[in-house]
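Each remark here refers to the structure printed beneath this line.
Each reported figure results from applying straightforward, stated rules to the coordinates on display, with no laboratory input. In this text the structure is predicted, and so the values were computed from the model without any measurement. Using ideal geometry, Cβ is built from the backbone for each residue, glycine included, and neighbour counts are taken over all protein chains shown.
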Amino acid sequence: MDIYGFYTGKIFDAHHHLGVHKAEQGYTFRVYAPHTNRVTLVGEFNDWQDWEMYPGFNNQFHEVNVPQAKAGQSYLYRIWHKDGSYTEHCDPYGFGMDLRPAFCSVIRDLSDYQFHDSSWMRQRTDCKDKPLHIYELHLGSWKQKKKNPDDETGEFYNYEEIADLLIPYLKEMGYNYVEFMPLAEHPCDESWGYQNTGFFAPTSRYGTAKQLKILIDKLHQNHIGVLLDFVLVHFAVDSYGLANFDGMPLYEYPDARASVSEWGSYNFMHSKGEVQSFLQSCAYYWLEEFHFDGLRMDAISRLIYWHGKPECGVNNNALNFIRNMNSGLKAKFPTCILCAEDSTDYPKVTAPVWSDGLGFDYKWDMGYMNDTLDYFRTDPLYRFGNYDKLTFSMMYYHSEYYILPFSHDENVHGKATVLQKMHGLYDGKFAQARAFYLYNAIHPGKLLNFMGEEFGQLREWDESREQDWFLLKYPIHDAFHHYIRTLNQLYLKHSALFERDYTEGGFEWLDCTQNYPCCYAMKRNSSKESVIGVFNFAGASQDHYVLHCDAKRLTVLLDSSAEIYNGTRPDTVGTVFEGNNGEFILSLPAFSGICFQVE
């Protein structure tokens, strides 16, 4: 390893040197602990007796070879203090960990699986001009193994087992990417993986590194991309993790006022070269070793501004780090997707680093998400006064490459699920949600939806329970599920809905001025076709809505108010409307949307 590069934050492969690696005999253990003079290794291979690790460069790297060590065995480092005490730590670069509440690192042989996804890896792109519909998933609470179907909770499926359930479902439902919430090891289920102790260790809740590779390989062989939620801002405070790793703050800030995050975790000190090399290597590791197609990077606002607050000023050291990491990752993996979860209006988040940008491929459009949900929460009687909630995003959508996120954050913590957010009583929520999701699919930007939204989950997400699949027994939920499946497949099929998300001429308003009666019309264009969406978000039908557009005929592709989706009128798919000098007279039921093919 280039030691100077490690100290100056230039390294992307520190995990090839640090951690545990196969040697001619057994395994070699290496750990970076610059503030201590003594580190010992204990594990299953030595009956948990202290074996001295030998100091290397400037006494800051410690190393020992263990001929009898084998893959699958557990181990810990003991960091010794001046007073003769020690603290046990898992390996910062360890490739596996024991199942909670145990916290030992586990030796993993990462060469024990060969991928069969070369065709996918050669053909994948960043999807800028292709469909990108992401199904966000918490692996432990999507589905669970239950001895009794009436049990509230069950056991986790492992990575390999979930593949045979997940892949057919994604293909049937029309999602071409899946995004897993964090899979790095974490001690507390309730953290959802956002407070890590093992940054290089796939969580043992769901099995081994090999089983995770099998899952990703199978997804790729079925033409489904895989994104990973990656945490690079903070880490868990547990004493066996990174906190005060060698008796002093090593990964975090030395000042408690800066080191503790709003979540009660420790903030990484991104200005330190060894921290930069650690995080860059971690990102590289997941992309290289597991063939993830991209990373959704959490809480980027906390990198842009101190504590995520613009009034505290820009964190230039962190911005330099993220620019270097993103440009380095794109140089090594040009077709990977780097996505920022960022709620700020900081400019050029998705511009290239060479153009003074941060180098992300996409950014979550949190403003669009909040405005849209606020609109649909509003009583239809008052929506005319909030008409611009749905038009404002078009004023800035061209400024970044956006993903339209309706994620786990919008389904927890008293916020209600997306369906529950729709105004009104139970039956009325479904009509509004159908129109809402059609509007979302036609809006410029790539798509992301959280598990359960597709069948109208009513209960807020709980990480300990699987989704309420029993709801599909009820006709109204089954019809909604059918509708979302049809809509998703429509999105994948029609290039007008994705080819020019970010280029000139891909979108135009046809009607965005009728604040009463809350009707909207928009047109999407590609090199091959044009598609129009017309919407009535008022609580009363519009029987003689006049649509003005440059077309001779319009053919219905999808009608959210069709009876087959629990709507109010016969399905009109395939119905052709003839124009009269560019005018089309349409009937729009309350809370409805219609998608047309332009001819």
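Mean silhouette area of region 249-405, derived from the convex hull of its C-alpha atoms and averaged over all directions, reads 11.3 nm². Radius of gyration over Kirkwood radius for region 120-187, both on Cα atoms: the Rg/Rh ratio is 1.04. Values of log10 I(q)/I(0) for the chain across q = 0.06, 0.07 Å⁻¹ run -0.34, -0.46, by the Debye formula with one identical scatterer at each alpha carbon and no solvent. Diffusion coefficient of region 3-106 by Stokes-Einstein, Kirkwood radius over Cα pairs, 20 °C, 1.002 mPa s: 152 µm²/s. For region 507-598, the fraction of C-alpha pairs more than 18 angstrom apart is 40%. The residue list 201, 534, 93 was ranked by how far each Cα lies along the charge dipole of the chain toward its positive end, using unit charges on Cβ atoms, and 534 comes out on top. Projecting the Cα atoms of 176, 324, 597 onto the dipole axis of the chain, where Lys and Arg carry +1 and Asp and Glu carry -1 at the beta carbon, places 597 farthest toward the positive end. For residue 528, the lysines whose Cα comes closer than 21 Å to its Cα, not counting residues fewer than 8 places off in the same chain, are 128, 130, 446, 493, 552. For the pair region 238-292 / region 380-410, the C-alpha centres are spaced 35 Å from each other.
For residue 234, nonlocal amide neighbours, meaning residues 5 or more places apart or on other chains whose placed amide H falls under 5 Å from its own, are 268. Between the listed residues 488, 338, 424, the Cα displaced farthest toward the positive end of the dipole of region 137-497, a dipole computed from Cβ unit charges relative to the Cα centre, is found at 488. Counting only residues at least eight positions apart within a chain, or on another chain, the aspartates and glutamates with an alpha carbon under 20 Å from that of residue 309 are 252, 255, 262, 298, 341, 342, 345, 365, 409.
Taking the fewest neighbouring Cβ atoms within 10 Å as the starting point, the ordered list for 339, 519, 512 is 512, 519, 339. Using C-alpha pairs below 8 Å separated by at least 6 residues, the relative contact order for the chain is 11 percent. Peptides 12-18, 577-583 ranked from most to least packed by the mean count of surrounding Cβ atoms within 10 Å: 12-18, 577-583.
Packing, as the average of other Cβ atoms within 10 Å across residues, places the peptides 185-196, 565-576 in the order 185-196, 565-576, highest first. Placing +1 on the Cβ of every Lys and Arg and -1 on the Cβ of every Asp and Glu, with no other charges, gives region 3-106 a dipole of roughly 260 debye about its Cα centre.
Dipole size of region 526-596 about its Cα centre, with +1 on Lys/Arg Cβ and -1 on Asp/Glu Cβ: approximately 100 debye, rounded to the nearest 20. Calculated mean residue ellipticity, 222 nm, the chain: -7000 deg cm²/dmol, from DSSP H runs (n ≥ 4) at -39500 (n - 2.57) each, averaged per residue and rounded to 500.
Counting only Cβ charges, +1 for Lys and Arg and -1 for Asp and Glu, the dipole size of the chain around its Cα centre is about 720 debye.
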